[in-house]
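The values are calculated or read from the model by the stated rules, or taken from the named source; none is laboratory data. Nothing here was measured: the structure is a model prediction, and the numbers come from that model. Glycine also receives a Cβ, built like all others from the backbone with ideal geometry; neighbour counts cover every protein chain displayed.
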């Protein structure tokens, strides 16, 4: 291996990629840049660049052991990893001149103290007293003030408490966590505990329709309101923000509109893709964003796609979004879908068999909204017609939602079906025996594994006693050849195919 920082870090990434999830790799390791490699008598020092202090804290807390073992494997026991945090100046209008700090990776297994991040980009980066997140019970209550529900009803510039527009049902307790959203939820909870003081400000969540973005960002507001971690909280859709701005222009009240938003401690704006192409609205939001950020206020945003894929969003706004943390939420996996359905059934007081819940979860994969809607439709149909809620009813009622009702069979299930037909034990087709009846059953099973599963030829061979892919190819070809010349064998295969097809529905 070439001993350059780029080559060494590339070798490290190859190891890391095999030990973390795809999303974690793209989020935490792809942005890291190798800077230098210095070989000294006592140590080999690899220095890499991180985009923020938050990256340093997260890597040290969650990936220290992996990084230590990886760099030791690549460079040997004298290897040491150093971080250089470079926050670059974004543009002349930001007022931020950039900052650089160098930090070594810790050399023991003890977790490092987590210093309180700076509240504003105008403050210098420096070491501060380690501070833990306060528990909810430690948050001091604050006096309630008169609620002002409309942004234009502002009596001077006094401190205000606004109508937050939050849905009280959108809480962290009711948000089902899974691999598809774990990073987003963890970051959101950290923000809710200390709005405006973490390194991820702004916090932007993006993902497709119905994946829980609105729930998650409102959960931040509800937590902050419950435990008084922020005084003035406002949730607003980008469409409403735009409409209010237009109204302010029409009534010559832009200064009041701007003043209202600049007094918010925790601003949550949903669906910012609606800002695309609206130059005046973007300009006003840009100035409000700057004012809030420089004052150490928290900004939380959501979008239906990555910010740079939103048409008509100005570059200066995109650069602001990159100041903090941008994360995505993915469609829920099977386990998460099942948990969501169980929670929804519990909330609605519905009793459903596990097999019905699992059937819905297996077949409706697009988003949470469609998943919950399917459950409610099924229950409503059952109640109206006074019939049992079973899989047959689910298949009938949800047929327009279930585009493909086939259930993917496993290799073991296909082996079991074929072996039952040939009346031989399944372990025989995985054994080394060359008995004619076993060989034929093995070849037929391999043929159907190729037809009914997504496994590669090599993978199928491994399920049959570690045979190589050429054996699988020969088996498939043998079955096809015999079907062309032997009508009885062809009928046998068709009967088996029908039986397997019934199991896959």
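A few notes on this one:
- Residue in segment 231-252 that is assigned to a loop (DSSP other than H, G, I, E, B), at pLDDT below 90 and under 30 Å from the mean Cα position of the chain (by Cα) present: yes
- Single unsatisfied condition, residue 262 versus (1) more than 26 Å from the chain's Cα centre (by Cα); (2) surrounded by 14 or more Cβ atoms within 10 Å (Cβ to Cβ); (3) more than 27 Å from residue 194 (Cα to Cα): (3)
- Residue 48 vs. criteria more than 25 Å from the chain's Cα centre (by Cα) and more than 29 Å from residue 321 (Cα to Cα): no
- Positions within segment 225-240 being free of Cβ contacts under 8 Å to residues at least 60 places away in the same chain and either over 21 Å from residue 276 (Cα atoms) or buried (at least 24 other Cβ atoms within 10 Å of the Cβ) (or both), in sequence order: none
Here's the yes/no breakdown for (1) within 13 Å of residue 446 (Cα to Cα); (2) surrounded by 18 or more Cβ atoms within 10 Å (Cβ to Cβ):
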position: 459; (1), (2): yes, no
position: 464; (1), (2): yes, yes
position: 479; (1), (2): yes, yes
position: 483; (1), (2): no, no
position: 487; (1), (2): no, no
position: 501; (1), (2): no, no
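- Looking across segment 348-358, just one residue is assigned to a helix (DSSP H, G or I) and either farther than 12 Å from residue 389 by Cα or under 21 Å from the mean Cα position of the chain (by Cα) (or both), and that is 358.
- Only one of the listed residues (188, 139, 184) is within 30 Å of residue 27 (Cβ to Cβ) and modelled with pLDDT under 50. That residue is 139.
- Meets criteria (touching a helix residue (DSSP H, G or I) at 6+ places or on another chain (Cβ under 6 Å) and either in a helix (DSSP H, G or I) or farther than 15 Å from residue 285 by Cα (or both)) for residue 189: no
- For segment 63-113, a residue qualifies if it is surrounded by 15 or more Cβ atoms within 10 Å (Cβ to Cβ) and at pLDDT below 80, and the qualifying residues are 85, 86, 87, 90, 94, 96, 99, 101, 103, 105, 112.
- Any hit, segment 332-347, residues being closer than 30 Å to residue 52 by Cβ and part of a loop (DSSP other than H, G, I, E, B): yes
- Within segment 174-194, being surrounded by fewer than 22 Cβ atoms within 10 Å (Cβ to Cβ), under 11 Å from residue 224 (Cα atoms) and touching a residue at least 60 places away in the same chain (Cβ under 8 Å) holds for 193, 194.
- Residue match in segment 375-390 (condition: within 30 Å of residue 479 (Cα to Cα), surrounded by fewer than 20 Cβ atoms within 10 Å (Cβ to Cβ) and not assigned by TED's automatic domain parsing to the domain that holds residue 470): no
- Every condition in (1) modelled with pLDDT under 90; (2) over 27 Å from residue 179 (Cβ atoms) holds for residue 4 except the one numbered (1).
- Counting residues in segment 349-361 that are closer than 26 Å to residue 451 by Cβ and buried (at least 18 other Cβ atoms within 10 Å of the Cβ) gives one or more.
- Among (1) touching a residue at least 40 places away in the same chain (Cβ under 8 Å); (2) part of a helix (DSSP H, G or I); (3) farther than 20 Å from residue 236 by Cβ - the single one residue 293 does not satisfy: (3)
- Restricted to segment 36-48, and to residues there that are in contact with a strand residue (DSSP E or B) (Cβ under 7 Å, 6 or more places away or on another chain) and surrounded by fewer than 17 Cβ atoms within 10 Å (Cβ to Cβ), the residue that is modelled with the lowest pLDDT is 43.
- Here 316, 343, 320, 308 are screened, and the one residue that is at pLDDT 85 or above, under 30 Å from residue 272 (Cβ atoms) and more than 23 Å from the chain's Cα centre (by Cα) is 316.
- Helices (runs of 4 or more DSSP H) lying entirely in segment 435-505 (those with 3 or more residues that are touching a residue at least 60 places away in the same chain (Cβ under 8 Å) and under 11 Å from residue 414 (Cβ atoms)): 487-503
- Leading residue by the ranking (nearest to the chain's Cα centre (by Cα)) among those in segment 266-280 that are part of a helix (DSSP H, G or I) and surrounded by fewer than 19 Cβ atoms within 10 Å (Cβ to Cβ): 273
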